[in-house]
Amino acid sequence: RGGAAFADRVCQNVRLIRHATSLGAVESTIERRAAIPGQGHLPPSLLRLSVGIEAADDLWVDLDMAISTAVP
């Protein structure tokens, strides 16, 4: 739900999680896959989350805040 614009706002609103493509590092990252050239066949609101070594509770709080503030 919410489409590409909502997914982009979620990515912009995270603070602990980095809005970037995962390069196999230890930090958590999030990205909207359909925004990447050649990935237009994917649903526009699909988010890819790569989980790093941060505390799980901190990641949940960050995602919850990002989603809550992305709601129009």
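The values are calculated or read from the model by the stated rules, or taken from the named source; none is laboratory data. Not measured: the values here are computed from a predicted model. Cβ atoms come from the backbone with ideal geometry, glycine included; neighbour counts cover every protein chain shown. Heads up: the accessible areas ignore ligands, DNA and RNA and are worked out on the full protein's heavy atoms, side chains in. Shrake-Rupley method; radii C 1.70, N 1.55, O 1.52, S 1.80 Å.
Tally time: how many residues in the range 18-36 are outside any strand (DSSP E or B), under 19 Å from Asp64 (Cβ atoms) and open to solvent by less than 30 Å² (accessible area, probe 1.4 Å)?
Number satisfying all stated conditions: 1.
From the list Arg15, Arg9, Arg1, which one is charged (D, E, K, R), at pLDDT below 95 and open to solvent by 70 Å² or more (accessible area, probe 1.4 Å)?
Arg1
With the condition kept exactly as written, say whether any residue in the range 64-72 is part of a loop (DSSP other than H, G, I, E, B) and either of a type in the set (A, V, I, L, M, F, W, C) or modelled with pLDDT of 95 or more (or both).
Looking through the range 64-72, at least one residue is part of a loop (DSSP other than H, G, I, E, B) and either of a type in the set (A, V, I, L, M, F, W, C) or modelled with pLDDT of 95 or more (or both).
Name the pairs whose Cβ atoms lie under 7 Å apart, with the first residue in the range 50-71 and of a type in the set (S, T, N, Q), the second in a helix (DSSP H, G or I), and 6 or more positions between them or separate chains?
Note: pairs meeting the criteria are Thr69/Asn13.
Out of all the residues in the range 55-72, which are surrounded by 17 or more Cβ atoms within 10 Å (Cβ to Cβ) and either touching a strand residue (DSSP E or B) at 6+ places or on another chain (Cβ under 9 Å) or farther than 15 Å from Cys11 by Cβ (or both)?
Result: Leu59, Leu63, Ala66.
Between Gly40, Gly52, which is open to solvent by 40 Å² or more (accessible area, probe 1.4 Å), in a loop (DSSP other than H, G, I, E, B) and not polar (S, T, N, Q)?
Answer to the selection: Gly40.
Of all residues in the range 34-49, which are within 13 Å of the chain's Cα centre (by Cα) and either free of Cβ contacts under 8 Å to residues at least 12 places away in the same chain or closer than 12 Å to Arg15 by Cα (or both)?
Hits for the range 34-49: nothing passes.
Between residues in the range 1-15 that are among the aromatic types (Phe, Trp, Tyr) and residues that are open to solvent by 60 Å² or more (accessible area, probe 1.4 Å), which pairs lie under 9 Å by C-beta distance while being six or more apart or on different chains?
What qualifies is Phe6/Ile67; Phe6/Val71; Phe6/Pro72.
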